[in-house]
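These notes concern the structure reproduced below.
The values are calculated or read from the model by the stated rules, or taken from the named source; none is laboratory data. Note that the structure is predicted; figures quoted are calculated from it, not measured. Neighbour counts are summed over all protein chains in view; Cβ atoms, including those assigned to glycine, are modelled from backbone coordinates with ideal geometry. Heads up: the accessible areas ignore ligands, DNA and RNA and are worked out on the full protein's heavy atoms, side chains in. Shrake-Rupley method; radii C 1.70, N 1.55, O 1.52, S 1.80 Å.
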Amino acid sequence: MAALLEKAMQQYQRGDLKIALATVRRLLEKERRNVNGYLLAGTIHEQQGNLLEAARFFADAVPLSPDRKRDIGLRAALHYVNGGAPGKALSCLLGLHPLMPDDPDVNHGICSLLREAGNYEDALPFAARLAERGTSFSNLLNAALVLVGTDHHVRALPLLRRALEMQPGERLALSELFWAAANLCDLDLADRLQKELEAAYAREGAAMDIRENAFRSILWSGDEAYHRKTALRTAEMLFPPVLARKPLSPVTGRRIRIGYVSADFHDHATLSLFNGVLEAHDRARFEIFLFCHTAERNRHGAMRARALAAAEHYVDILALSDEAAAALIEKLGIDILVDLKGFTQGSRLGIFTRRPAPVQVSYLGFPGSVSGIGIDYAIADAIVAPPSSDAFFEERIIRLPRCYQANDNSRLRPVRPASRAAHGLPEEGIVFAAFHQAPKIRLKAFEAWMEILGRVEGSVLWLAPLEEQAAENLKRAAEARGIHRDRLVVAPRMPIPDHLARLAAADIALDCTPCNGHTTTSDALWAGVPVVTVRGTSFAGRVSESLLSSVGLAELVTEDLDAFVRLTDALAQDGNRLSVLRQKLVDARDTAPLFDTQGLTRDLEAAFASMLPEAP
């Protein structure tokens, strides 16, 4: 056998690659455990550009090598990746990992492959090892990306700081550190990083290097042009090109088939708003399909049971690829396919790029344009998307005659409690509620909240459930502005109906800017709590204005944060006016357009019918 190997080596060294490969094959037929034969075959295929064949031979050599398993395995994985077979690369590296569990390169490769496949939870243990053992910029950033993607912001933040120290200004590291800081309510750091990003974008102009997704952009920026750019970049980076639109055909002799696509068919804010619409649809005109990709762990609860009972057809697409799901939707003859997620976590926008339905619509789940995906229409209203917004939407905007947001008027009707002590709130004094997600809380809005607490003696700020470090950072920020930390009360997590009930204990809800509360605002209004907001400059920043206008309280919309502080202070000092506002909101449950579920459903159905020729 040694003679065959030597002959093959000589042929290889002369450049007779095909002949050498034939000789190696003869060798391996006779001696299947000859590691040098596999290595030579892999090297020849490598030089011929046959990356997958090279990877296969190198992978076969790994278990046979006494001392080079690491180098050979990494070489095999690299060729599998470059040859378009990331799954085989992952298998190769996972085979190496038990032999060298602390190796940075092995953990880095596994981390990258799992992350790029969207399997962040599976990548987490490898990211943790990489965070401990990795030393390079790419090691630290890779580990941090997984930690941020699994909401381990505390662990990610120091890694991102170190990465930026190694490569100051590197855009992805800067963007991820900005996001981690925002989630931890490190307001000063987030504000500084925002200014760095804005300055860099200003220098770059139209060629700005955007490294954040569209969802993140709406939380800190009120610039609709920037939102469109991030939407298009997100679509380009994450999804396949959009296919041609299917021809529109008249719907005659049957009902219009509406398909709703979402991962949120469970106890989720979207369904808490939308269940009433599902139940109110006119079944004589519309046939309703739910295309569900809700995670298995979330497939329970009363809200989900209501949704499934309300729809005529439940179609589980969780296990299907985007291509297979699109083929099924097309086979079912859906006329209008409605995305309820947009650029939020867990969306399946890849289905929409394949255009399985002749009309595709974005509604409710994402407050902005879902550009670059093949969406034909966006459902909005004249406040959240005035005519000036048209230029920033790829979709045609359909403006409902009332507030665009669905609300379920069959929900529990909260009653103001006789005592607030059970919620950790003082019995006396004004309770300001600000139940916003951590990354929505920006420095300027928080400083306005603190100014209000300073003006209103004995008042407290009631916050949404926050992770421990975020709550601590807000308390420290309050103290730095002269407000005792105990005046910030962090609420515990609880089911949506229980949360809705406790909201009635608040006196005034404080909105945030540039991204408003959305379900947060409508929940407060339903609970009878007046909400003070600032007029925004984007869809996400105008939602509260639309909601307040729809309950007859446009007077609570201010032009800027200074006016926001003055109005809130005045309300807090005027018990009679507060009582009038609360009663007006209680009455609005039966009279206001915002809570007219049947009316909103008819408006939505009219919008759908207008999208089809000769619709019934």
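For this structure, a couple of remarks:
- Amide proton proximity set for ARG257, modelled H, under 5 Å, gap of 5+: GLU287, ASP335, ILE336
- The range 384-423 and the range 244-301 have their alpha-carbon centroids 19 Å apart.
- Longest to shortest principal axis, alpha-carbon extents of the range 328-457, angstrom: 60, 33, 30
- Highest average first, the peptides 53-64, 371-382 ordered by how many other beta carbon atoms sit within 10 Å of their residues are 371-382, 53-64.
- Taking all protein chains together and a 1.4 Å probe, the residues GLU427, GLU287 rank GLU427, GLU287 from largest to smallest accessible area.
- Pair-distance distribution of the range 447-533: all C-alpha pairs, bin width 5 Å, starting at 0; shares per bin in whole percent are 3, 13, 23, 24, 23, 12, 2, 0.
- Centre separation in Å (Cα based) which lies between the range 209-223 and the range 585-616: 31
- Projected-area average for the range 1-134 over all orientations - Cα convex hull basis, square nanometres: 8.2
- Gain in span if fully extended, MET237 to LEU99, counting 0.36 nm per residue against the direct Cα distance: 46.2 nm
- Between the residues PHE286, SER221, ALA190, the greatest Cα displacement towards the positive end of the dipole of the range 189-288, with unit charges on the Cβ of Lys, Arg, Asp and Glu, is found for PHE286.
- Based on protein heavy atoms only, the chain ends up with 41 Å² per residue of surface accessible to a 1.4 Å probe.
- Surface composition of the range 155-200: carbon plus sulfur atoms hold 50% of the accessible area, using a 1.4 angstrom probe and ignoring ligands, DNA and RNA.
- Fraction of accessible area attributable to carbon and sulfur, the range 1-104 (%, probe 1.4 Å): 53
- For percent of Cα pairs over 38 Å apart, the value calculated from this model appears in (1) 38; (2) 42; (3) 31 under label (2).
- Pairwise label distance in nanometres, GLU198 with GLU559, each label 7 Å out on the Cα-Cβ vector: 2.0
- Cα centre as origin, Lys/Arg/Asp/Glu Cβ charges: the range 365-436 dipole, Debye: 340
- Think of each Lys and Arg Cβ as +1 and each Asp and Glu Cβ as -1; about the Cα centre, that makes the dipole of the chain roughly 1460 debye.
- In nm, spacing of pseudo-spin labels at ARG416 and GLN573 (7 Å Cα→C-beta vector): 2.1
- Amide H partners (placed H, <5 Å) of THR558, local residues excluded: THR533, VAL534, ARG535
- Relative contact order of the range 449-537, pairs being alpha-carbon contacts under 8 Å that are 6 or more residues apart, as %: 24
- Proximal lysines relative to LYS440, as straight alpha-carbon distance under 29 Å, when same-chain residues fewer than 8 apart are discounted: LYS195, LYS229, LYS341, LYS475, LYS584
- Debye intensity ratio I(q)/I(0), log10, the range 1-62, q values 0.15, 0.17, 0.24, 0.28 Å⁻¹ (C-alpha model): -0.36, -0.46, -0.93, -1.21
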